[in-house]
Amino acid sequence: MPIQNQAFLSVKPELQKLAWEIMIKLEEKGWKPEVAQGLRTASQEAAHVANGTSQTLQSYHCLGLAVDIVDEKLQWNIPVVHKFWWDYYQIASSVLVSSGHLRYGIIWDHPERIAAYKKALDAGEHTVPWFADVAHIELHLS
């Protein structure tokens, strides 16, 4: 079973439910998922912007409505284009959200990027030409 760590418990219950469902399905595919980051303070978010791992000070992490899910063993030590991130996106995009909608850092609001990402994965490439926050999902409540 995935771990309900502090980062997992720090986010809103609506997101916990979705993250848990995603992590269970990732585990069924052989991964060991965990929430690496959940709720962030404004100063933590500013540090992420400064080091280039976030592009906004208005992150949903600061609202408890975003998580970064990684594989427990791989953590962040894998390229932007990797089978784990693809499985994560595929599973997350299949999860039904009744209280709003999920937004995915792998493509942001550009669904046409999915084909480009899959093509890069199949070609053995390690990067894509956009800011892909591959571990990130955020819940936009209705």
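Between Asp87, Asp71, Asp109, where does the largest GNM mean-square fluctuation fall for the chain, given springs only between Cα atoms within less than 10 Å?
Judging by the Gaussian network model, the answer is Asp109.
Residue separation times 0.36 nm, minus the C-alpha to C-alpha distance between Ala47 and Leu9: what's the value?
Answer, rounded to one decimal: 11.5 nm.
Please find the FRET efficiency linking Leu74 to Ser142, where r is the Cβ-Cβ separation and R0 is fixed at 41 Å, and quote it to the nearest 0.05.
0.75
Counting only pairs 8 or more residues apart or on different chains, how many lysine pairs in segment 6-141 have their Cα atoms under 24 Å apart?
22
Can you sort His61, His101 by how many other beta carbons sit within 10 Å, fewest first? It would help to have the intermediate numbers written out before the result.
Values: His61 24, His101 10.
If I rank by nearby Cβ atoms, fewest first, I get His101, His61.
Do you know the relative contact order of the chain, to the nearest whole percent, from alpha carbon pairs under 8 angstrom that are 6+ apart?
It comes to 26 percent, rounded to a whole number.
Which residues' amide hydrogens lie under 5 Å from the amide hydrogen of Gly100, considering only partners 5 or more residues apart or on another chain, with H built in the peptide plane?
Ser142
In nanometres, what is the gap between the two model label sites at Val95 and Lys29, each 7 Å from Cα along Cα-to-Cβ?
Each label point lies 7 Å from its Cα, and together they span 1.3 nm.
Go through segment 46-142 and name the GluC sites (Glu not before Pro) that are in a DSSP coil and have 15 or fewer other Cβ atoms within 10 Å of their Cβ.
Sparse-neighbourhood loop GluC sites (Glu not before Pro): Glu72, Glu112, Glu125.
Can you list residues whose amide H is under 5 Å from Gln37's amide H, if they're 5+ apart or on another chain and H is modeled 1.01 Å from N?
The answer is Asp68.
Where a number appears in this text, it was derived from the coordinates with a stated rule and is not lab data. Model, not experiment: these values are computed from the prediction. No Cβ is skipped: glycine too gets one built from the backbone with ideal geometry, and neighbour counts run over all protein chains shown.
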